[in-house]
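To start, the structure itself, in structure tokens.
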Amino acid sequence: MPPKIKTALFWIIAIFLVYAVVTSPDRAADLVKALWDLIVNAFTSFATFFRSLTE
């Protein structure tokens, strides 16, 4: 992908994210919390899996 297109896409996404947070902060906060919970659950699952391998 050409660098100019990557830069343009990056700025479009960044502007959209700022717009989404400004227009609806509650929904944006809920989305961030849901993503954080997903990441934490994934790491917990990996830890449980590797712990079960060592037992």
**Q.** Selection within segment 14-35 - open to solvent by 100 Å² or more (accessible area, probe 1.4 Å) and either touching a Cys at 6+ places or on another chain (Cβ under 7 Å) or among the β-branched types (V, I, T) (or both)
**A.** I15, V22
**Q.** Qualifying positions in segment 31-55 - of a type in the set (G, A, S) and over 20 Å from the mean Cα position of the chain (by Cα)
**A.** A47, S52
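Being modelled with pLDDT of 90 or more, of a type outside the set (G, A, S) and open to solvent by 100 Å² or more (accessible area, probe 1.4 Å): is that true of L38 here? Break it down stepwise before answering.
Values: modelled with pLDDT of 90 or more: yes; of a type outside the set (G, A, S): yes; open to solvent by 100 Å² or more (accessible area, probe 1.4 Å): yes.
Spelling it out, L38 is indeed modelled with pLDDT of 90 or more, of a type outside the set (G, A, S) and open to solvent by 100 Å² or more (accessible area, probe 1.4 Å).
The values are calculated or read from the model by the stated rules, or taken from the named source; none is laboratory data. Here the structure is a predicted model, which is why all the values come from computation and not from measurement. Glycine gets a Cβ as well: all are built from the backbone with ideal geometry, and neighbour counts include every protein chain shown. Only protein heavy atoms, including side chains, enter the accessible area calculation; ligands, DNA and RNA are left aside. Shrake-Rupley method; radii C 1.70, N 1.55, O 1.52, S 1.80 Å.
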